[in-house]
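First the structure, in the form of structure tokens, and then the observations on it.
The values are calculated or read from the model by the stated rules, or taken from the named source; none is laboratory data. As the structure is a computational prediction, the values presented were derived from the model and not from experiment. Cβ coordinates were reconstructed from backbone atoms using ideal geometry, including for glycine residues, and neighbour counts include every protein chain displayed. In case anyone asks, the SASA skips ligands and DNA or RNA and just uses the protein heavy atoms, side chains included. Shrake-Rupley method; radii C 1.70, N 1.55, O 1.52, S 1.80 Å.
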Amino acid sequence: MDKVKDHFESEAQEFERIILALIPHYSTMVRALAEAIPFGRDDSIRVIDLGCGTGTISAQILELFPKAQITCLDFAENMIAHARAKLARYPHVKYLTADFRAFDWCGQFDVVISSLALHHIVTNEEKQKFYCRIYESLSSGGVFYNADVVLASSGYLQNFYMREWRRFMSLRVPHEEIEGKWIPKYHEEDNPAKLLDHFDWMKDAGFSDIDVVWKYFNFAVYGGVRR
């Protein structure tokens, strides 16, 4: 995780450009997550954004829920600085520089969200435990949504997903950079899991109404509710 933190610190300035080049239909993915939040537009919902990056998803939520009270949490100080700048006009945002895996952020939130962050949790056992932490932090009727990279259920589909991902990246990124930088970094730093495994872990943690909100090959928005 130290290596992951270092590259997020160094890439913060270019993060949004990189994301749009590497993540298929990122703007649509973010919008889908925000619009799936089942609260009234005037509700003062309490939200925590785990691994907030430059604050893109928090900004989208605040556009739809202007009275939301958001906690932006990220372990990269440069990311938090960019999030502060992006969200400066919103009065009800708190910023925390910390590793969400170790930080005691558990409390009563109405919404827990994350984007392109939870796949950095190394083991499946840790992922399972983390879903329990998320569940316990939610109020009754609260929701969790995650926008992230996932694995396919079979080797054939995983190879298909990777081909489609390479095809998307090739629209904006040179082949040499894809194969020499981004694919090796994916294999070295990311620890995605099968989407159906995420569903099982969420169900074991207590979530109900588990579903996929949006999906494009190996990228998905999924989540569930605490009843």
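Listed here are the residues, each with its yes/no results for (1) open to solvent by less than 10 Å² (accessible area, probe 1.4 Å); (2) more than 16 Å from the chain's Cα centre (by Cα); (3) among the acidic types (Asp, Glu).
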| residue | (1), (2), (3) |
| --- | --- |
| 150 | yes, no, no |
| 155 | no, yes, no |
| 198 | no, no, no |
| 208 | no, yes, no |
| 213 | no, no, no |
| 218 | yes, no, no |
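Scanning region 20-29 for residues that are in a helix (DSSP H, G or I), of a type in the set (A, V, I, L, M, F, W, C) and surrounded by fewer than 22 Cβ atoms within 10 Å (Cβ to Cβ) yields a count of 3.
Take the conditions part of a strand (DSSP E or B) and closer than 20 Å to residue 144 by Cβ and apply them to residue 70. Does it pass? Criteria met by residue 70.
Out of region 72-93, which residues are under 19 Å from residue 42 (Cα atoms) and surrounded by fewer than 20 Cβ atoms within 10 Å (Cβ to Cβ)? Listed by number, the residues that qualify are 89, 90, 91, 92. Every listed requirement among (1) more than 17 Å from residue 51 (Cβ to Cβ); (2) at pLDDT 95 or above; (3) surrounded by fewer than 18 Cβ atoms within 10 Å (Cβ to Cβ) is met by residue 161 save one, (3). When region 43-66 is filtered for residues that are closer than 15 Å to residue 109 by Cβ, out of contact with any strand residue (DSSP E or B) (no Cβ under 7 Å at 6 or more places or on another chain) and open to solvent by 60 Å² or more (accessible area, probe 1.4 Å), only 43 remains. Among the residues in region 78-86, are any among the β-branched types (Val, Ile, Thr) and out of contact with any Ser or Thr (no Cβ under 7 Å at 6 or more places or on another chain)? No, region 78-86 has no match at all.
Of the helices (runs of 4 or more DSSP H) lying entirely inside region 123-208, those containing at least 1 residues that are within 26 Å of residue 101 (Cβ to Cβ), touching a helix residue (DSSP H, G or I) at 6+ places or on another chain (Cβ under 8 Å) and not β-branched (Val, Ile, Thr) are 124-137, 183-189, 195-205. Quick check, is residue 206 at positive phi and either touching a Leu at 6+ places or on another chain (Cβ under 8 Å) or touching a residue at least 40 places away in the same chain (Cβ under 8 Å) (or both)? For residue 206, the condition - at positive phi and either touching a Leu at 6+ places or on another chain (Cβ under 8 Å) or touching a residue at least 40 places away in the same chain (Cβ under 8 Å) (or both) - is met.
If you check 77, 125, which single one turns out to be under 22 Å from residue 192 (Cβ atoms) and over 17 Å from the mean Cα position of the chain (by Cα)? Going through 77, 125 in turn, the sole match is 125. Checking the structure you have, find out if any residue of region 98-107 is in contact (Cβ under 8 Å) with a residue 12 or more places away in the chain, in a loop (DSSP other than H, G, I, E, B), in contact with a Lys or Arg (Cβ under 7 Å, 6 or more places away or on another chain) and open to solvent by less than 10 Å² (accessible area, probe 1.4 Å). Checking region 98-107: not a single residue is in contact (Cβ under 8 Å) with a residue 12 or more places away in the chain, in a loop (DSSP other than H, G, I, E, B), in contact with a Lys or Arg (Cβ under 7 Å, 6 or more places away or on another chain) and open to solvent by less than 10 Å² (accessible area, probe 1.4 Å). Condition test on residue 124, is it open to solvent by 30 Å² or more (accessible area, probe 1.4 Å) and of a type in the set (S, T, N, Q)? Against the criterion (open to solvent by 30 Å² or more (accessible area, probe 1.4 Å) and of a type in the set (S, T, N, Q)), residue 124 qualifies.
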